[in-house]
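S.K.: Below you will find the structure I want to go over with you.
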Amino acid sequence: MEISLKNKINKARKLIDEKYKDSCHKERYLHILGVADMAKRLATLYNVNEEKAYIAGLMHDYYKYEPKEEMQILLTSEEKKEAEECNVLYHSYASARAYKKLIDDDEEVFSAIKNHVFGHLNMTKLEEIILISDYIEENRKYPNCIFCRSLVNRGFFYTAIYESTRHTISFIESKGQKPAIMQVSVLQQYKELMFMELLNKIKEALDKVKASDIIVYDMKEKSPFYDYFVLATVSSLRQAGAVKSYIEELILDTPFKIRSVEGEDTEWVLIDCYDIIISVFTKEERERLEFEKIYMDVPQLKI
Ligand SMILES: [Fe+2]
Ligand SMILES: [Fe+2]
């Protein structure tokens, strides 16, 4: 008979307790429980199986302090090769193998444990959850971990993955070392996702003030100065002012910034957020400026 997920959780918890609870690595024990709790909470928020997230959190650092030789024997030859080039991968690969050997053979959980150090391209939600939970669990007290935790708490999930990866890469570089190729690829992919996330939130803010005819142009191929151009129509100057306040509030305490606001209290307010330019017009002003004609051949994003 198949063992229920609850039993698998108990089994994982027992393994972790036996290994860490009364060991000299008490902090690791608390970290592991913190990751499991955070992963479970995020799984609920993002419609991912909570039990699987909890098990992946529990098992992600099952191997950590063992000698390389002990971890090595668990790995496939391909994994060995990768871990040899980047030693930090020994513990994540060995922990994933331990999960398979001792708990279950669920591929998604296995992959989330295996890739919890750098992540990889096109991650599943569970993989993303384990990656970020490892960085932001409640026992992490580094300023950037606290910052990323607050981003996740405010729904800036992809932004937190980008920010944590960016910070880790800077830290590695500050020590004169080179980041892993995968870290750099993840950073690039999440930069894109981070802007999609922000554009979605900008769209929500525009919807709140009942702005209409919202268009987002992808300017990456068209402008060297910014990547996205958002247009929206408002019915009054007061509404345009409200957009500005919403955007300011939205990006407060995030990595995003407003460089300048032009045309306040006029019929065309332009909010310059570096990579994103937001233009809010009255209907008459928008018709007069004819941006849709000018940008006829620029691709639009579906937000
Ligand atoms: Fe780890
Ligand atoms: Fe960890």
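None of the figures in this text is laboratory data; all of them are computed from the coordinates on show. This one's a predicted model, so the numbers in the text were calculated from it and none came from an experiment. Positions of Cβ are backbone-derived with ideal geometry, glycine not excepted, and every protein chain shown enters the neighbour counts.
S.K.: Under a cut-off of 18 Å between alpha-carbon atoms, report the aspartates and glutamates in cross-link reach of LYS68, not counting same-chain residues fewer than 8 places apart.
M.R.: Here the aspartates and glutamates satisfying the reach criterion relative to LYS68 are GLU78, GLU79, GLU82, GLU84, GLU85.
S.K.: Follow-up. Give the whole-number value, in cubic angstrom per residue, of the convex hull volume spanned by the C-alpha atoms of the chain. Show your work: numbers first, answer last.
M.R.: Values: hull volume 48.4 nm³, N = 303.
Spelled out: Cα convex hull of the chain, divided by residues, is 160 Å³.
S.K.: Only bridges whose two residues both fall in the stretch 198-301 count here: according to DSSP, what percent of them are antiparallel, nearest 5? Intermediate values should be presented prior to the final figure.
M.R.: Working: 16 of 23 bridges.
DSSP beta bridges in the stretch 198-301 are roughly 70 percent antiparallel.
S.K.: Give the relative contact order (percent, whole number) for the stretch 5-140; include only Cα pairs under 8 Å separated by 6+ residues.
M.R.: The value is 28 percent.
S.K.: Then there's this: Can you tell me which aspartates and glutamates have their Cα less than 17 Å from the Cα of LYS26? Leave out same-chain residues fewer than eight positions away.
M.R.: Partners found: ASP17, GLU18, ASP37, ASP61, GLU66, ASP134, GLU137, GLU138.
S.K.: Would you mind working out the magnitude of the charge dipole of the stretch 198-301 relative to its Cα centre, with +1 at each Lys and Arg C-beta and -1 at each Asp and Glu C-beta, to the nearest 20 Debye? Can you show the working numbers first?
M.R.: Values: 14 positive and 21 negative charges, 36 e Å.
That gives the stretch 198-301 a dipole magnitude of about 180 debye.
S.K.: Measure out, as a whole number of angstrom, how far apart the alpha-carbon centroids of the stretch 6-55 and the stretch 266-285 sit.
M.R.: Here the two parts' Cα centres lie 47 Å apart.
S.K.: Which one, TRP268, ALA205, TYR226, is farthest towards the positive end of the dipole of the stretch 198-301 when Lys and Arg carry +1 and Asp and Glu -1 on their Cβ?
M.R.: The residue sitting farthest along the positive end of the dipole is ALA205.
S.K.: In straight Cα distance, which aspartates and glutamates are under 12 Å from LYS191, not counting same-chain residues fewer than 8 positions off?
M.R.: Hits, sequence-local ones excluded: GLU163, ASP227, ASP275.
S.K.: Got the relative contact order for the chain handy, in percent, Cα pairs under 8 Å and 6 or more residues apart?
M.R.: On the way: 422 pairs, mean separation 35.3, N = 303.
For the chain, the relative contact order is 12 percent.
S.K.: For the stretch 113-193, which trypsin sites (Lys or Arg not before Pro) pass both filters: DSSP loop (anything but H, G, I, E, B) and at most 11 other C-beta atoms within 10 Å? Before the final figure, lay out the partial values.
M.R.: Numbers: sites: LYS114, LYS125, ARG140, LYS141, ARG149, ARG154, ARG166, LYS175, LYS191; in loops: ARG140, LYS141, ARG154, LYS175.
Listed in order of number, the matching sites are LYS141, LYS175.
S.K.: Beyond a 27 Å Cα-Cα separation, which of these cross-linked pairs lie in this structure: LYS80/LYS175; LYS14/LYS81; LYS6/LYS141? Numbers along the way, then the final one.
M.R.: Details: LYS80/LYS175 25 Å; LYS14/LYS81 31 Å; LYS6/LYS141 31 Å.
Checking Cα-Cα distances, LYS14/LYS81; LYS6/LYS141 exceed 27 Å.
S.K.: Further question on the same structure: To the nearest 20 Debye, how big is the dipole of the stretch 5-140 about its Cα centre, given +1 on the beta carbon of each Lys and Arg and -1 on that of each Asp and Glu? List each step's numbers first, then the result.
M.R.: Values: 22 positive and 26 negative charges, 85 e Å.
Once rounded to the nearest 20, the dipole reads 420 debye.
S.K.: If you don't mind, another one. Calculate the dipole size of the chain relative to its Cα centre from +1 charges on Lys and Arg beta carbons and -1 charges on Asp and Glu beta carbons; express the result in debye to the nearest 20.
M.R.: On the way: 44 positive and 52 negative charges, 177 e Å.
Once rounded to the nearest 20, the dipole reads 860 debye.
S.K.: Considering only the chain, what is the antiparallel percent among its DSSP beta bridges, to the nearest 5?
M.R.: Working: 16 of 23 bridges.
For the chain, the DSSP antiparallel bridge percentage is about 70.
S.K.: At most 12 other Cβ atoms within 10 Å and a DSSP loop assignment: could you name the trypsin sites (Lys or Arg not before Pro) in the stretch 229-293 that fit?
M.R.: Details: sites: ARG238, LYS244, LYS257, ARG259, LYS283, ARG286, ARG288, LYS293; in loops: LYS257, ARG259.
Within the stretch 229-293, the qualifying trypsin sites (Lys or Arg not before Pro) (loop, at most 12 other Cβ atoms within 10 Å) are LYS257, ARG259.
S.K.: Going 7 Å from the Cα of LYS101 toward and past its Cβ, which residues in the stretch 32-67 have a backbone nitrogen under 12 Å from where you end up?
M.R.: Counting backbone N atoms under 12 Å from the label point, the list is 63.
S.K.: Loop only by DSSP, 14 or fewer other Cβ within 10 Å of the Cβ. Give me the GluC sites (Glu not before Pro) in the stretch 145-228 that pass, ordered by residue number.
M.R.: On the way: sites: GLU163, GLU173, GLU192, GLU197, GLU204, GLU221; in loops: GLU221.
Answer in residue order: GLU221.
S.K.: Could you tell me, in Å, what Rg and Dmax come out for the Cα atoms of the stretch 5-140?
M.R.: Answer for the stretch 5-140, Rg first and Dmax second: 13.7, 39 Å.
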